[in-house]
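Here's the structure we're looking at; comments come further down.
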Amino acid sequence: MRFLLLTLLGLSALGCGEAVDEAGADALWRELQESDYRSFERAPGYDAARPTIRAHGDTALVFINPVVVAALAGEAIEAWPEGSLLAKDSYSGGKLRLVAAMKKNQDGWFFAEWSGSGEVKYAGSPSVCTNCHSAGGDNVLALGLPEGSP
Amino acid sequence: MNATRSFTAGLRCAGFLGLALAPREAAADVFELSLGVVAQGGIEGQPEPSPNRYTLLRSGAEVEEPAYTSFGYGAGIAIEARVLEVVALGAEALYMSDGLTGTVIHDGQEVTLSLRQPALHVPLYAKGIWPLPVIAPFALVGVELVLPGLSTVEVEPAGAHAAVASAESHTLLLLGAGVETEWNSLRLQAGLRFALQLGASSALDDRVTVLPSDAVVRDASPSYQAMLALGASYVF
């Protein structure tokens with residue numbers, strides 16, 4: 001019986017959600033809309049939508065705010081500066097499937113993901129985000145840290 | 001004397017064979033339901049993609065992709081409905097740890113990647129049983145639904161390659177064979193199961209996504225499995 005209970009517990013853990021920082025997600029969503037993030041520069045390599053991680057969809061566009069743009073033009077760094085903001089439109093079958101964003105604040109990166117219609121799915125530092133992003137330089141997968149001029 | 005011994009031994013063999021091969025007595029119940037646990041473990045993997053070489057976008061480094069294999073294992077619950085002792089429909093829910101391990105060549109350097117993928121596997125199958133009295137062989141065919149959780153990747157040496165793994169829900173074609181025996185209301189079974197992912201692609205673009213940062217996203221779902229499955233169930 002104990003084995004059965006442990007098995008059921010393990011199975012249920014697969015579908016468990018994580019705490020969503022609704023207030024943080026709302027604030028970041030407002031910032032994205034008010035700053036018209038789609039008017040930001042595109043991240044290098046994202047002149048057109050390109051294949052992305054399947055969890056996000058088929059293809060994606062990545063936008064970077066002026067803080068990231070300035071960092072890319074500067075010296076080599078080992079971490080993105082505070083205020084860095086990256087936003088991503090992900091598409092499946094040509095339709096906007098989700099919007100994802102990550103912003104660096106005093107405490108580190110704040111991740112958020114919304115459906116194509118703007119409903120928050122994840123926000124904060126959920127493992128569903130950090131699990132993959134930890135493989136990138138300072139947690140950014142879309143672009144590499146600047147290496148400075150040769 | 002020798003002839004008598006041979007005759008007696010022959011009778012014993014014939015008796016044993018008769019006992020083993022004779023059908024079971026008529027079942028008391030036309031319909032049987034059983035509930036139990038099952039555990040399985042074995043080899044799983046992905047063949048080498050085609051083509052298997054690509055260039056990273058930022059550094060221009062060449063990467064050679066291998067075939068992946070690893071050990072997968074898990075356990076869960078099983079339910080089976082049997083009719084006339086010879087035909088059954090079964091369903092299971094297994095919590096599995098799937099794995100893929102391989103060595104990529106990154107800019108001439110060997111880098112070992114170990115992908116792990118927790119997943120809920122739900123085999124749904126039809127089973128045919130030859131109801132012999134002691135050891136009853138069976139064969140099954142069906143599908144196995146796989147609902148993956150979050151993948152993890154270990155890179156050795158660390159930092160030599162930026163790797164991410166991801167998997168989506170998929171379906172395996174399931175084939176199996178084995179034997180079972182019953183003692184009172186306890187049914188024990190052991191068998192081999194083979195599963196192939198339906199629609200699995202070995203095209204490089206379907207297995208690997210290269211990001212502009214040089215991070216590489218890999219499909220973490222095994223495209224084949226060969227498992228030894230052991231089960232115990234209570235027959236109601």
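Using only Cα atoms and rounding to the nearest 10 degrees, what angle (0 to 90) does helix B:2-21 make with the longest principal axis of chain B?
With both axes taken from Cα atoms, the answer is about 60 degrees.
Tell me, what is the percent relative contact order of chain B, built from C-alpha pairs under 8 Å that lie six or more residues apart? It would help to have the intermediate numbers written out before the result.
Values: 626 pairs, mean separation 51.1, N = 236.
For chain B, the relative contact order is 22 percent.
Provide the net charge surrounding A:Glu41, with neighbours chosen by a C-beta distance below 15 Å and charges set as Lys +1, Arg +1, Asp -1, Glu -1. Intermediate values should be presented prior to the final figure.
Values: positive: A:Arg38, A:Arg42, A:Lys88; negative: A:Asp36, A:Asp47, A:Asp89.
Net charge in that neighbourhood comes out at 0.
Rounded to the nearest 500, what is chain A's calculated 222 nm mean residue ellipticity when only DSSP H runs of at least 4 contribute -39500 (n - 2.57) each, over all residues? Working shown, then result.
Working: 4 runs with 41 residues, N = 150.
Result for chain A, helices only: -8000 deg cm²/dmol.
Among DSSP beta bridges lying fully in the range B:24-235, give the percent that are antiparallel, nearest 5. Don't skip to the answer; put the middle values down first.
Numbers: 116 of 121 bridges.
The antiparallel fraction comes to roughly 95 percent.
Between A:Val128 and B:Val86, what FRET efficiency follows from the Cβ-Cβ distance if R0 is 51 Å, with the result rounded to 0.05? Working shown, then result.
On the way: r = 46 Å, r/R0 = 0.90.
Here the calculated transfer efficiency is 0.65.
Just from its helices, what would the mean residue ellipticity at 222 nm be for chain B, if runs of 4 or more DSSP H residues each count -39500 (n - 2.57) and the sum is divided by every residue, rounded to the nearest 500 deg cm²/dmol?
Rounded to the nearest 500, it is -3000 deg cm²/dmol.
If I model a spin label at B:Phe236 and A:Ala76 as a point 7 Å from the Cα along the Cα→Cβ vector, what separation in nanometres do I get?
6.8 nm
Under a straight-distance cross-link criterion of Cα-Cα below 21 Å, which lysines are reachable from B:Lys127, leaving out those fewer than 8 residues away in the same chain?
Hits, sequence-local ones excluded: zero.
Treating only the Cβ atoms of Lys and Arg (+1) and Asp and Glu (-1) as charged, compute the dipole magnitude of the protein assembly as shown about its Cα centre; round to the nearest 20 debye. Before the final figure, lay out each step's value.
Working: 24 positive and 43 negative charges, 301 e Å.
Once rounded to the nearest 20, the dipole reads 1440 debye.
Along the positive direction of the dipole of the range B:125-231 (beta-carbon charges: Lys, Arg +1; Asp, Glu -1; about the Cα centre), which of B:Gln189, B:Thr152, B:Tyr224 reaches farthest?
Value computed over the given set: B:Gln189.
Just how large is the dipole of chain A about the Cα centre, in debye to the nearest 20, putting +1 at every Lys and Arg Cβ and -1 at every Asp and Glu Cβ?
Values: 12 positive and 19 negative charges, 132 e Å.
Taking the Cα centre of chain A as origin, the dipole is about 640 debye.
What size of dipole, in debye to the nearest 20, comes out for the range B:137-227 about its Cα centre when the only charges are +1 on Lys and Arg C-beta atoms and -1 on Asp and Glu C-beta atoms?
Around 220 debye, computed over the range B:137-227.
Express the C-alpha Rg of chain A as a ratio against the empirical globular expectation 2.2 N^0.38 Å, rounded to two decimals. Before the final figure, lay out the partial values.
Values: Rg = 17.1 Å, N = 150, 2.2 N^0.38 = 14.8 Å.
Taking the Cα Rg and dividing by 2.2 N^0.38 Å, one obtains 1.16.
Using a Cα-Cα cut-off of under 21 Å, which lysines could be cross-linked to A:Lys88, ignoring same-chain neighbours fewer than 8 residues away?
Filter leaves A:Lys103, A:Lys104, A:Lys121.
For A:Lys95 and B:Ser201, what does the FRET efficiency come to when R0 = 25 Å and r is the distance between their Cβ atoms, rounded to the nearest 0.05? Intermediate results must be reported in sequence, preceding the final value.
Working: r = 23 Å, r/R0 = 0.91.
That gives a FRET efficiency of 0.65.
Can you list the GluC sites (Glu not before Pro) in the range A:66-117 that are in a DSSP coil and have 14 or fewer other beta carbons within 10 angstrom?
Numbers: sites: A:Glu75, A:Glu78, A:Glu82, A:Glu113; in loops: A:Glu75, A:Glu78, A:Glu82.
Counting only loop positions with at most 14 other Cβ atoms within 10 Å, the GluC sites (Glu not before Pro) in the range A:66-117 are A:Glu75, A:Glu78, A:Glu82.
Just in the range B:168-224: which GluC sites (Glu not before Pro) are loop by DSSP and have at most 16 other Cβ atoms within 10 Å?
In loop regions of the range B:168-224 (DSSP not H, G, I, E or B), the sparsely surrounded GluC sites (Glu not before Pro) are B:Glu168.
Which of the three applies to the range B:24-235, rounded, prolate or oblate, going by the alpha-carbon gyration tensor with a ≥ b ≥ c and a/c under 1.5 meaning rounded?
On the way: a/c = 3.27, a/b = 3.08, b/c = 1.06.
It comes out prolate by the Cα gyration axes.
Select from A:Pro66, A:Ala49, A:Ala19 the residue farthest towards the positive end of the dipole of the protein assembly as shown; place +1 on Cβ of Lys and Arg, -1 on Cβ of Asp and Glu, and compute about the Cα centre.
Positive-end residue among those listed: A:Ala19.
FRET efficiency for A:Glu34 and B:Leu145, Cβ-Cβ distance as r, R0 = 56 Å, nearest 0.05? Before the final figure, lay out the partial values.
Working: r = 43 Å, r/R0 = 0.77.
FRET efficiency, A:Glu34 to B:Leu145: 0.80.
Quick note: the coordinates plus some simple rules give every number you see, no bench work behind them. Values in this document were obtained by computation on a predicted structure and should not be read as measured data. All Cβ positions, glycine included, derive from the backbone under ideal geometry; neighbour counts span all protein chains shown.
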